[in-house]
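The structure appears below as C-alpha cells.
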Amino acid sequence: MTALSANLIASKHRHPERVALRCEDLEFTFVEFDAAAARVATLLEKAGVEPGDRVGVMLPNTPAFAIVFYGIMYRGAVAVPMNPLLKFREVSYYLSNSGAKALFAAPAFADEATAGADEVGAHCWLVDDAALSELIADLPRQDTPVERGHDDVAVILHTSGTTGKPKGAMLTHSNLVRNAEVSVRTLVETGPDDVVMGCLPLFHVFGLTCGLNGSVLSGATLTLIPRFEPSKALEVIQRDAVTVFQGVPTMYSALLTVADQASPEATRSLRTCVSGGAALPVQVLADFEKAFGCAVLEGYGLSESSPAAAFNHPHRERKVGSIGTPIEGVQMRVVDLDGVEVPQGQTGEIQIRGHNVMKGYWNLPDATEATITPEGWLNTGDVGRVDEDGYFYVVDRTKDMIIRGGYNIYPREIEEVLYEHPAVAEAAVIGIPHDSLGEEVGAAVALKTDSKATPEELRDYVKERVAAYKYPRHVWIVDALPKGPTGKVQKRDITVPETERTQ
C-alpha cells in the first residue's frame with residue numbers, strides 16, 4: 001500500500017487541471033504537483049536516500065514544502081518536518097536524533113541549516129520554489145511510488161519539548177491517511193470546490209494533516225501564506241474566495257484586531273472555520289463569529305494523535321467551550337492518577353485510543369511505554385472532563401496547573417475571565433514560586449490597541465468573579481505574549497518582572 005502518495009495520484013487522475021497549490025501568483029495543478037513530487041523522489045534516489053531513510057524538511061509555507069514532502073512519500077522515505085527558524089544546535093539535534101540522511105532548507109536560513117547538516121553529515125539542498133523547480137527540471141520522474149505499508153512510519157514530528165529534549169513522535173501512513181480522511185469526510189467536509197487557507201505551519205501536525213494532506217485527499221486548492229499576518233490573511237481570503245479557514249486561537253485573536261478593515265464581502269466565501277492547537281477562549285470565539293459571520297468549530301488533538309481526536313461536528317449540537325466528541329474510530333476517556341475512569345463530570349487526565357495514536361517515540365521505548373498504556377490508551381497530559389452528552393472539555397494542561405496553598409488552580413479558568421475584560425487582547429496565567437504557598441498566581445496581559453487598563457484594575461476584575469484563592473495577585477502588562485511556531489502561547493518563555501516575583 002502506497003498510502004499518502006496514493007492520495008496525490010488519485011487526485012491527479014480525478015482533478016488533473018484543478019489548482020492544487022497556490023502562493024501569490026505561483027500555481028501548481030494536481031498534474032504538475034504530482035510530476036514535481038515524482039522528480040524529487042528521483043533526486044532523493046540519486047543522493048542515496050533509500051526507503052525508510054529520514055529526510056528533514058526545513059521550509060516555509062510555499063509549494064516547495066508540499067512538493068518536497070510528497071516527493072519523500074514517493075521515495076518511501078520518512079519526512080522530518082522542521083521549523084525554518086531553528087538554530088544550528090537545534091537543526092543538528094533534529095537531524096541526528098532522527099538519523100536523517102538529507103535536508104531541504106530555505107536559502108534564507110542557509111547558515112544554520114548547512115551548519116547543522118554538516119555537523120551530522122547529512123546532504124543539504126537549499127531551495128525555494130524557483131530553486132527547487134530548477135533543481136529537478138531535467139530529472140526523470142519516478143514512475144511509481146515505493147510501496148509502503150499502513151504501519152510504516154511516514155513522518156517523525158518532534159514534540160515541543162516543554163520538558164527535556166524534544167521527542168520524535170512516529171506517525172504512520174495509516175495514522176495520517178485515516179486522520180485526513182475522517183477530517184475531510186465528517187468534520188470539515190472538504191471537496192474539490194473548496195479553497196483551504198494554508199496559514200498553519202506545514203511543519204506542524206495540524207497544518208500538515210488537516211491543511212496539506214486533507215486538501216490533497218479531497219482535491220481542494222490549498223492557498224499558502226508563508227507567514228501569518230492578519231491583514232494579509234483577509235486579503236487572501238477575499239482574493240481566492242477561501243471557503244475553509246483553519247487556525248490556532250492566536251490567529252483568531254489577531255484577525256479580530258483588523259476586523260474593522262474588512263468589508264462585508266471580504267469573508268463572505270467562508271463556510272467553515274476550524275480552531276485547534278490550544279483552547280480557544282470563549283470570548284474570542286463569540287467576538288470572531290459576530291465580526292465575520294462564520295461559525296467556528298473547535299477541535300482537539302496533539303502531535304501524538306495525528307492530530308485530530310475530538311471535534312465539534314458540523315451537524316451536531318455545538319457546545320461553546322467544549323472540544324466536542326471523539327472523531328470516528330477514536331475513543332476518549334477521563335482517568336484518575338491510577339488510570340481508572342472517573343465519574344461523569346469529574347476532572348482527570350484525558351486519554352485517547354484509536355487509529356490516530358502514534359506508533360511511539362523514535363528510539364525512546366521507555367518514553368513510549370510511559371505515554372501509551374498496554375491497552376493502547378495515549379496519555380495526553382491534559383486535564384479534562386466529559387459531560388452527560390459525551391462532550392469533552394479541556395480544563396488545562398497537567399503541567400500548567402498551579403497549586404497554591406494546597407488548592408488546585410487551572411490557569412485556563414482565570415484566562416477566560418481576563419478575556420472577558422474589554423481591554424484585554426491576550427492573557428496567560430502562570431504559577432510564580434512562593435516560599436510559603438508553594439506557588440502564587442500571576443498573569444501576563446497584552447491590551448488591545450488604543451485600550452487602557454491598569455494591573456490593579458485587571459486584578460480586581462478577576463477577583464470579583466472567582467474564588468478568593470484563585471485570582472492573580474500579580475498582574476503585569478506586556479506588548480505581546482511569546483508564541484511558538486504555530487502561534488501558540490509559550491508560557492515557559494514568559495518573563496516575570498522582578499517587581500512581581502514572590503518570596
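The values are calculated or read from the model by the stated rules, or taken from the named source; none is laboratory data. The structure displayed is predicted, hence computed values, not measured ones. We place every Cβ from the backbone using ideal geometry, glycine too, and count neighbours over all the protein chains shown.
Show the residue pairs that are 6+ apart or on different chains and have beta-carbon atoms under 7 Å apart, the first residue being within the stretch 482-496 and farther than 14 Å from Arg397 by Cα, the second being of a type in the set (S, T, N, Q).
Qualifying pairs under 7 Å: Pro482/Gln490; Lys483/Thr250; Lys483/Gln490; Gly484/Ser160; Gly484/Gln490; Pro485/Asn83; Gly487/Thr250.
Would you confirm whether any residue within the stretch 427-438 is β-branched (Val, Ile, Thr), at negative phi and under 21 Å from the mean Cα position of the chain (by Cα)?
no
Among the candidates Glu289, Glu304, Glu265, single out the residue that is outside any strand (DSSP E or B), in contact (Cβ under 8 Å) with a residue 12 or more places away in the chain and surrounded by fewer than 18 Cβ atoms within 10 Å (Cβ to Cβ).
Selected residue: Glu265, the only one of Glu289, Glu304, Glu265 that is outside any strand (DSSP E or B), in contact (Cβ under 8 Å) with a residue 12 or more places away in the chain and surrounded by fewer than 18 Cβ atoms within 10 Å (Cβ to Cβ).
Which of the residues that make up the stretch 163-188 are surrounded by 22 or more Cβ atoms within 10 Å (Cβ to Cβ), among the small types (Gly, Ala, Ser) and over 30 Å from Asp493 (Cα atoms)?
Ala180, Ser183
Identify all residues within the stretch 120-148 that are modelled with pLDDT under 95 and of a type in the set (Asp, Glu); write none if there are none.
Hits for the stretch 120-148 are Asp143, Glu147.
(1) in a helix (DSSP H, G or I); (2) surrounded by 21 or more Cβ atoms within 10 Å (Cβ to Cβ); (3) out of contact with any strand residue (DSSP E or B) (no Cβ under 8 Å at 6 or more places or on another chain): which one isn't true of Ala64, the others all being true?
(3)
What's the number of the only condition in (1) in contact (Cβ under 8 Å) with a residue 60 or more places away in the chain; (2) touching a strand residue (DSSP E or B) at 6+ places or on another chain (Cβ under 6 Å); (3) within 29 Å of Pro166 (Cα to Cα) that Tyr74 fails to meet?
Result: Tyr74 passes all but (2).
Residues that are at pLDDT below 95 and of a type in the set (A, V, I, L, M, F, W, C): find the strands (runs of 3 or more DSSP E) completely inside the stretch 361-430 holding 2 or more of those.
Filter on the stretch 361-430 gives 392-397, 402-404.
Among the residues of the stretch 11-32, count how many are touching a residue at least 60 places away in the same chain (Cβ under 8 Å) and either within 19 Å of Leu208 (Cα to Cα) or not charged (D, E, K, R) (or both).
Counting residues in the stretch 11-32 that are touching a residue at least 60 places away in the same chain (Cβ under 8 Å) and either within 19 Å of Leu208 (Cα to Cα) or not charged (D, E, K, R) (or both) gives 9.
Can you tell which of Val40, Val55, Val49, Val80 is part of a helix (DSSP H, G or I) and in contact with a helix residue (DSSP H, G or I) (Cβ under 9 Å, 6 or more places away or on another chain)?
After ruling out the rest, the residue left standing is Val40.
Search the stretch 92-108 for residues being part of a helix (DSSP H, G or I) and touching a strand residue (DSSP E or B) at 6+ places or on another chain (Cβ under 7 Å), and hand back the single one that is surrounded by the most Cβ atoms within 10 Å (Cβ to Cβ).
Among those residues, the one meeting the criterion is Leu95.
Starting from residues that are in a loop (DSSP other than H, G, I, E, B) and within 22 Å of Val424 (Cα to Cα), keep the ones in the stretch 268-286 and report whichever is farthest from the chain's Cα centre (by Cα).
Pro281
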